[in-house]
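Before any comments, here is the structure.
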Amino acid sequence: MKKILLMICLFLLPINVWAISARNAIVMDLNSGRVLYDINSHDEHLIASITKIMTSLVAITYGDLEKEVTVSDSILKAYGSSVYLTVGEKLKLEDLLYGLMLRSGNDAAIAIAENVGGSLEGFVYLMNEYAKIIGMKNTNFVNPHGLDNKGEGNISSAYDMALLTKVAMENKMFRKIFGTTYYKCESNMKHYSWEGKNKLFKMYKYTTGGKTGFTESARRTLVTTAKKDNMELVVVTLNDPNDFLDHKSLYETYFNKYKAVKVLDKKNFKVDDGYYKNVSFYIKNDYYALVTKREEKDLKVEYNLYKDVNVTDDIKIGEVKIKLKDTVLHTESIYALNIKPQEEPKKNLWQKLIGWFKSW
């Protein structure tokens with residue numbers, strides 16, 4: 001009887017997920033941060049060049065993308081993947097970021113870090129501070145490129161890297177670079193043509209971005225994103241010899257298992273409220289909740305309008321929360337719009353006569 005039950009369980013499990021070969025893996029909803037699939041996702045592991053997701057985000061946040069960077073001789077310390085910069089060469093910071101993300105240039109990482117952080121140590125400090133701010137609890141960076149020495153290097157977890165990617169994808173410039181497959185630029189010395197290393201773009205048509213990584217100690221690491229029918233996911237695998245196929249398999253499984261339900265519509269947003277009688281409300285974004293068919297009935301929308309606010313147009317006046325049972329999936333700000341002046345109450349004949357006598 002036990003054997004029969006075991007066979008039934010194995011049959012019911014999605015075969016493409018059952019075959020995942022990663023030591024650590026996660027599938028996360030980019031809209032809510034909800035974890036849909038998890039294999040040891042909080043375990044610490046060397047992460048190799050997916051480090052450069054943080055390098056890129058810190059550079060975009062604190063650097064001047066139009067600034068011209070002069071490449072120092074520090075790049076001579078770089079080894080492994082490279083864009084082959086030359087000492088004394090000058091490129092825009094933005095161009096270096098494309099070399100960093102598409103070709104995983106370790107020399108580009110050093111040039112970026114020195115320019116934005118003032119030194120490698122200064123930049124690494126910014127990386128670790130950013131990690132703390134966004135809640136990466138099992139992460140420590142020691143360099144901007146991800147190379148390790150005798151097993152010592154940048155440490156993180158699948159969950160932390162998914163969380164980082166969720167935050168990064170909210171930045172328009174990062175999203176643009178992350179989703180680029182080919183880029184051309186020139187410096188004062190050379191012309192560059194870079195094609196990305198993320199093979200998933202060719203394997204899976206819904207892919208929106210990705211970053212590869214590999215060292216002998218970390219093995220293959222991979223972060224990718226994909227979007228289909230208003231659902232957007234991030235997949236992270238660590239120590240996965242079959243990573244690209246595993247990512248494709250996970251996307252197919254979870255895009256089929258879930259659906260996007262439009263819970264907030266910014267064009268048709270209304271709040272039934274008796275407190276602000278002369279105020280209209282608006283939100284800035286639509287929101288789609290990622291749920292299974294069974295979970296759809298458990299979605300709840302809760303409105304909270306602030307009271308006693310000195311209301312003006314475009315002031316934040318409250319929040320709307322989307323919940324799945326008691327779990328908050330999303331919070332959207334509510335703003336005031338089209339404040340209408342209150343009409344003076346109509347006066348009867350007696351009130352008009354009193355007002356006339358008072359005016360004498």
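The values are calculated or read from the model by the stated rules, or taken from the named source; none is laboratory data. Just so we're clear, the structure is a prediction, and the values are computed from it rather than from any experiment. No Cβ is skipped: glycine too gets one built from the backbone with ideal geometry, and neighbour counts run over all protein chains shown.
Go through the stretch 211-250 residue by residue and tally those that are aromatic (Phe, Trp, Tyr) and touching a residue at least 60 places away in the same chain (Cβ under 8 Å).
Let us first name the residues in the stretch 211-250 that are aromatic (Phe, Trp, Tyr), namely 214, 244.
Still in the list and also touching a residue at least 60 places away in the same chain (Cβ under 8 Å): 214.
Going through the stretch 211-250 one residue at a time, the tally reaches 1.
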The stretch 255-312, subset of a type in the set (Val, Ile, Thr) and within 17 Å of residue 329 (Cβ to Cβ), residue surrounded by the fewest Cβ atoms within 10 Å (Cβ to Cβ): 292
What tally of residues in the stretch 194-206 results from selecting those that are farther than 24 Å from residue 85 by Cβ and touching a residue at least 24 places away in the same chain (Cβ under 8 Å)? 5
Could you tell me which residue of the stretch 116-147 is surrounded by the fewest Cβ atoms within 10 Å (Cβ to Cβ), considering only residues that are polar (S, T, N, Q) and touching an Asp or Glu at 6+ places or on another chain (Cβ under 9 Å)? 140
Verdict on residue 212 being more than 20 Å from residue 80 (Cα to Cα) and buried (at least 20 other Cβ atoms within 10 Å of the Cβ): no
Breaking point among (1) at pLDDT 95 or above; (2) more than 22 Å from the chain's Cα centre (by Cα), for residue 151: (1)
Single residue of the stretch 308-360 satisfying the filter (among the polar types (S, T, N, Q) and over 30 Å from residue 35 (Cβ atoms)) that is modelled with the highest pLDDT: 312
Checking 122, 105 in turn, the sole residue that is more than 15 Å from residue 50 (Cα to Cα) and either at pLDDT 95 or above or touching a helix residue (DSSP H, G or I) at 6+ places or on another chain (Cβ under 8 Å) (or both) turns out to be 122
Selected residue (only one of 228, 257 is in contact with a helix residue (DSSP H, G or I) (Cβ under 8 Å, 6 or more places away or on another chain) and either among the aliphatic types (A, V, I, L, M) or at pLDDT 95 or above (or both)): 228
Filter the stretch 173-191 for residues that are assigned to a strand (DSSP E or B) and buried (at least 18 other Cβ atoms within 10 Å of the Cβ) and give the result. 183
Qualifying residue in the stretch 236-246 (condition: crowded, with 19+ Cβ neighbours inside 10 Å, out of contact with any strand residue (DSSP E or B) (no Cβ under 6 Å at 6 or more places or on another chain), under 19 Å from residue 180 (Cα atoms) and assigned by TED's automatic domain parsing to the domain that holds residue 170): yes
Which numbered condition in (1) in contact with a Gly (Cβ under 8 Å, 6 or more places away or on another chain); (2) under 30 Å from residue 334 (Cα atoms); (3) at pLDDT 95 or above is the only one that residue 198 fails? (2)
